[in-house]
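None of the figures in this text is laboratory data; all of them are computed from the coordinates on show. The shown structure was predicted, so the numbers you read here are calculated from the model rather than taken from an experiment. Here the Cβ positions follow ideal geometry from the backbone for every residue, glycine too, while neighbour counts run over all protein chains shown.
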Amino acid sequence: MQDELPDRHHNQPPEDMALPVLPGDASAEAVAEAQEKLAAPDHINNLAPYDAKEHAELMAHVDLFCDAAGKWLDLKSIQSEEQASRLRDFITGADQLFNRVENSRKKAKKPWDDLAAAVMDAYRPMTGAPTAKAPAGKLHSIRSKMAVMETDWLKREKARLAEEQKMAEAKARAQREAAEKAAREAESRNDIAGQHDAEQALKDAEKAEKQAAKTVAPKVASATGAGRGRGLRTTKHAKIINRRACFAYFQNQPEVDVLLERLATSAIRAGEITEDTANMVGVEIITKEG
């Protein structure tokens, strides 16, 4: 099915157009039509998330402004003081409608925000992360304190396994050296049986060395099988020790320009950077009117 464009009733040539006017309130018919077009809001526990009638009325008003805005755009540019004054009134009216819609949205959202805040207040003592205003929730605290104990054990277990591996590597190395010595001695005395035994011992020693070289990572398994196991996780983080060198490395990253422009703009607006000092800090002050 071919989509139909909405009729904005202003397809006449611009030179024949009447000057657009500030829209009034939407008619009752327009409100009813908007209400029919808009899907009814889903109800949550028999509570509507917003007033559907008020929402439809505002949407009808917004549609009127959209239609009038199209007529203004068809003028291409403002040609007279009268047009400029009328456009100023239209923009003011659009701003007032914007505020009206936003106030309606905030009014509709506030009860849900209050309910959400009440839910957070109820559950925060159990699972909430620590903040400047509230301590950590009880389960959050349990998790943090137990993790410290668990990590401490994992680190000690890692050290123990590393020591065991070191001893196993030394034992396998001694076993290989003994097998190599036995092979040389058997060969020197033309002992065929001894050579065979020494070669087998050497293969066993090499196998033991490979096994000893494998690092075993410490891991805590669930005692009942109900939980997930946990091991040590290595992460890396940067700490800046030379700001200039670090900046030189990242200076071509787009994010650096965005950050510097934001800091410089704040400094300019605060009067810290002026036309006299802008060049010294490597910026140009751009003045925009609008």
Tell me the angle of helix 28-37 to the major Cα principal axis of the chain, expressed in degrees between 0 and 90 and rounded to the nearest ten. 20
Picking from Ile268, Ala56, Gln175, whose Cα lies most toward the positive end of the charge dipole for the chain (charges on Cβ: Lys, Arg +1; Asp, Glu -1)? Gln175
With a Förster distance of 35 angstrom and the Cβ-Cβ distance between Glu164 and Glu255, calculated FRET efficiency to the nearest 0.05 equals 0.15
GNM of the chain, Cα pairs under 10 angstrom: of Asn99, Asn190, Asn279, the biggest fluctuation goes to Asn279
Relative to the longest principal Cα axis of the chain, at what angle does helix 81-127 sit, 0 to 90 degrees, rounded to 10? 40
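Output the pairs from Lys133/Lys236; Lys110/Lys133; Lys53/Lys107; Lys138/Lys236; Lys106/Lys138; Lys107/Lys138 with a Cα-Cα distance over 26 Å in this structure; if there are none, say none.
With Cα atoms farther than 26 Å apart: Lys133/Lys236; Lys138/Lys236; Lys106/Lys138; Lys107/Lys138.
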Longest DSSP-loop-exposure-free segment, trypsin sites (Lys or Arg not before Pro), the chain, at most 11 other Cβ within 10 Å: 1-75
The helix 192-213 Cα axis meets the longest alpha-carbon principal axis of the chain at an angle in degrees, between 0 and 90 and rounded to 10, of 30
Under the Kirkwood approximation applied to all pairs of distinct alpha-carbon atoms, what is the hydrodynamic radius of the chain in Å? 30.2
Cα-based Rg/(2.2 N^0.38 Å) for the range 180-290, rounded to two decimals, is 2.61
Relative contact order (%) - the chain, alpha-carbon pairs under 8 angstrom, separation at least six: 10
Between Lys207 and Ala134, what is the label-to-label distance in nm when each label sits 7 Å out along the Cα-to-Cβ direction? 6.1
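Can you give the percent of C-alpha pairs in the range 138-221 whose distance is more than 18 Å?
Working: 2108 of 3486 pairs.
Above the 18 Å cut-off, the range 138-221 has 60 percent of its Cα pairs.
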